[in-house]
Amino acid sequence: MYVIVVGCGRVGSELAHMLSKREHEVTVIDHVGSSFSHLDPAWRGRTIEAEAMAEGVLERAGIAQARGLAAVTNSDAVNAVVAHVARAMYHVPNVVSRNYDPRWRPLHEAMGLQMVSSTAWGAQRLEELLEGRGLRPVLSAGNGEVEVYELDVPEAWRGRTLAELVAGVECVVVSLSRGGRAALPSAQERLEASDLLHVSASLAGATTLSARLFGEA
């Protein structure tokens, strides 16, 4: 797939490298030439030093052949306009815009853009982890009959097994993260108080699991 990445900061350069590793053809556009130093030395692709919205730049980048475009500069106005032009004028099928400042999020939404609001998402995740809430829904399937929940293992469950935790509960353990690394745990895995679990469960299962985890000493 041919992809254009507009913006070569930390996000854009990492995205370009990831796409290239997956054998996609990538062109990166940035108006500051020194920004290309962010690219991994092993990265192989095309770079264009220019303002993305300057006349002829997107055409020079080959937007007519592009199957994807990511606008990831630190300017929400630029990201929104470039993404809108790519989708509305050039009919690029996969367009994603980065929302840098949450106050500009309504602009992206008004244009109906698919966006990633890294600042808002990051702040929300930090808040959840700091508050140490119980079961936090992170994904809903169907009409909400089954959801994936995230939870922090409380001190009271240190040393006990996953098998004990889920016995008789309508749930499936999706992953266990420890020290920042995720794994598919066995039923006999012994829990630590710092563990982060992702569990798929029905509403009834989530209720039972929450009571089991946080309703007993």
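The values are calculated or read from the model by the stated rules, or taken from the named source; none is laboratory data. On a predicted model such as this, the values are computed, not experimentally measured, just so you know. As a convention, Cβ positions derive from the backbone with ideal geometry for all residues, glycine included, and neighbour counts pool all protein chains shown. Accessible surface is based on the protein model in full, side chains and every heavy atom, while ligands, DNA and RNA are left aside. Shrake-Rupley method; radii C 1.70, N 1.55, O 1.52, S 1.80 Å.
Before moving on, here are some points about what is shown:
- For residue 98: the one exception among (1) buried (at least 22 other Cβ atoms within 10 Å of the Cβ); (2) of a type in the set (D, E, K, R); (3) more than 16 Å from residue 118 (Cβ to Cβ): (3)
- Count of the range 44-69 residues, restricted to those that are closer than 25 Å to residue 114 by Cβ and assigned to a loop (DSSP other than H, G, I, E, B), is 10.
- Any hit, the range 70-88, residues being within 26 Å of the chain's Cα centre (by Cα) and assigned to a strand (DSSP E or B): yes
- Applying the condition of being among the basic types (Lys, Arg) and modelled with pLDDT under 95 to the range 179-217 and asking which residue is nearest to residue 136 (Cα to Cα) yields 212.
- Tallying residues that are under 21 Å from the mean Cα position of the chain (by Cα) and at negative phi within the range 174-188 yields 9.
- Against the numbered list (1) assigned to a loop (DSSP other than H, G, I, E, B); (2) more than 30 Å from residue 71 (Cα to Cα); (3) open to solvent by 40 Å² or more (accessible area, probe 1.4 Å); (4) modelled with pLDDT of 85 or more, residue 112 comes up short only at (2).
- Cβ-Cβ contacts under 6 Å between residues 6 or more apart (or on different chains), taken from a first residue in the range 202-215 that is in contact (Cβ under 8 Å) with a residue 40 or more places away in the chain and among the polar types (S, T, N, Q) to a second residue that is surrounded by 14 or more Cβ atoms within 10 Å (Cβ to Cβ) and in a strand (DSSP E or B), are listed as 202/146.
- Within the range 89-109, tally of residues that are assigned to a helix (DSSP H, G or I) and either within 15 Å of residue 71 (Cα to Cα) or over 17 Å from the mean Cα position of the chain (by Cα) (or both): 7
- Members of the range 180-197 that are in contact with a Ser or Thr (Cβ under 8 Å, 6 or more places away or on another chain) and over 13 Å from residue 160 (Cα atoms): 182, 183, 184, 185, 196, 197
- Contact annotation: residue pairs with Cβ atoms under 8 Å, 6 or more positions apart or on different chains, pairing a residue in the range 1-26 that is touching a residue at least 24 places away in the same chain (Cβ under 8 Å) and in a helix (DSSP H, G or I) with a partner that is open to solvent by 30 Å² or more (accessible area, probe 1.4 Å) and basic (Lys, Arg), are 11/98; 20/44.
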